[in-house]
Amino acid sequence: MRKQLPPEMLARDSRFVRTSIMDQILDPRNRKISERTIGPAKLAPGRPASADRARNLMHGIFTGEIQALEGAGRTAFDFDETEAPFALKLDMARQCWDEARHVEISIKLGEWMGTEIGEFTEATFLYEAACAPDPVLRLCGVNRALEGLAIDVFNTMKEFGDVSGDPVLEFCEDWMLADEVTHVKMGSDWLRRLTADDPERRERALDFQRTVDKLFSLGGFRGETEENPIHLARKMREMAGFSTTEIDEIAELSELARAEGQAAVEAAGSA
């Protein structure tokens, strides 16, 4: 089996339509679609297109779970035990088990919410973050940054299920949320263990995490105001090994991404 599998070689059937994450953010046509189906305000019943927005988000969760499964599997396979200790490989194998279950749950939830596979597009940035040549970068980019985003998304969807009177959605999101906290905690713990004697390597990994966090704020998609569809789940992140300073920094990166995304859209619209 090939090591270091590039994103373009991921296996998908004809139902999947792939797009780039930058196209989703910067294309003004996609921005209009995003505002109609994802934002700009917090997800809540009674707001315009809330059902479509929830279905879009659920489809994004589904494709993200596939890539999380693929990424954890690659980390378990791509490195020898001098690069990735056997105990880390076991944690990645456990995460694969969780992600496979999440894929199945997400498919059923999508059907429950009226969504078909392929109704919305798939961007492969999560898997791309899992292609970093250093396992520590993968742990920061995937487990801490993107699985951290999953904590925020699942917590928001759980709350939406509660306020919209959908116990199926609330229960499933709560169940998956517990796994995501574990996945992020594994990333936090292994980051400390693998870089205990190499602070420069740790800082490089954290810089990579900041880049991923900023990009996946999706121009204001995540934050702490009523304008943000997804809210930072501070308590859950603290359980997963984030410090208050780190969470504050993510909130600041999200606000910066919102301002830059809006400026880019306005510039593209006037061009």
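The values are calculated or read from the model by the stated rules, or taken from the named source; none is laboratory data. Everything numeric here is computed off the predicted structure, so don't read it as measured data. Using ideal geometry, Cβ is built from the backbone for each residue, glycine included, and neighbour counts are taken over all protein chains shown.
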For Ala196: the one exception among (1) of a type in the set (A, V, I, L, M); (2) within 22 Å of Pro135 (Cβ to Cβ); (3) in a helix (DSSP H, G or I): (3)
Segment 186-204: number of residues that are within 26 Å of Leu90 (Cβ to Cβ) and surrounded by fewer than 18 Cβ atoms within 10 Å (Cβ to Cβ): 9
Scan of segment 74-106 for residues that are farther than 30 Å from Thr195 by Cα and surrounded by fewer than 15 Cβ atoms within 10 Å (Cβ to Cβ), ordered by number: Glu104
Near pairs, Cβ below 6 angstrom, 6+ apart or cross-chain, from segment 120-149 (touching a residue at least 60 places away in the same chain (Cβ under 8 Å)) to any residue that is surrounded by 22 or more Cβ atoms within 10 Å (Cβ to Cβ) and part of a loop (DSSP other than H, G, I, E, B): Pro135/Ala84; Arg138/Ala130; Val142/Ala130; Leu149/Phe216
One residue from Leu43, Leu69 being surrounded by 20 or more Cβ atoms within 10 Å (Cβ to Cβ), under 20 Å from the mean Cα position of the chain (by Cα), modelled with pLDDT under 85 and not charged (D, E, K, R): Leu43
Asp162 being modelled with pLDDT under 95, charged (D, E, K, R), over 14 Å from the mean Cα position of the chain (by Cα) and over 20 Å from Leu256 (Cβ atoms): yes
Condition check for Leu10: touching a Phe, Trp or Tyr at 6+ places or on another chain (Cβ under 6 Å) and modelled with pLDDT of 60 or more: no
Residue match in segment 69-85 (condition: touching a Gly at 6+ places or on another chain (Cβ under 7 Å), touching a residue at least 12 places away in the same chain (Cβ under 8 Å) and among the hydrophobic types (A, V, I, L, M, F, W, C)): no
Count of residues meeting criterion [in contact with a Leu (Cβ under 8 Å, 6 or more places away or on another chain) and free of Cβ contacts under 8 Å to residues at least 60 places away in the same chain] in segment 86-112: 5
Residue, farthest from Gly114 (Cα to Cα), within segment 165-177, restricted to residues that are in contact (Cβ under 8 Å) with a residue 12 or more places away in the chain and surrounded by 18 or more Cβ atoms within 10 Å (Cβ to Cβ): Leu177
Residue tally, condition of a type in the set (Gly, Ala, Ser) and touching a Leu at 6+ places or on another chain (Cβ under 6 Å), over segment 130-161: 1
Lone unmet requirement of (1) farther than 23 Å from Arg2 by Cβ; (2) touching a residue at least 60 places away in the same chain (Cβ under 8 Å); (3) in contact with a helix residue (DSSP H, G or I) (Cβ under 6 Å, 6 or more places away or on another chain) for Thr156: (3)
Only one of Thr124, Thr82, Thr75, Thr63 that is of a type in the set (S, T, N, Q) and more than 19 Å from Gly148 (Cβ to Cβ): Thr82
The one condition in (1) in a helix (DSSP H, G or I); (2) under 16 Å from the mean Cα position of the chain (by Cα); (3) surrounded by 17 or more Cβ atoms within 10 Å (Cβ to Cβ) that Ser217 fails to fulfil: (1)
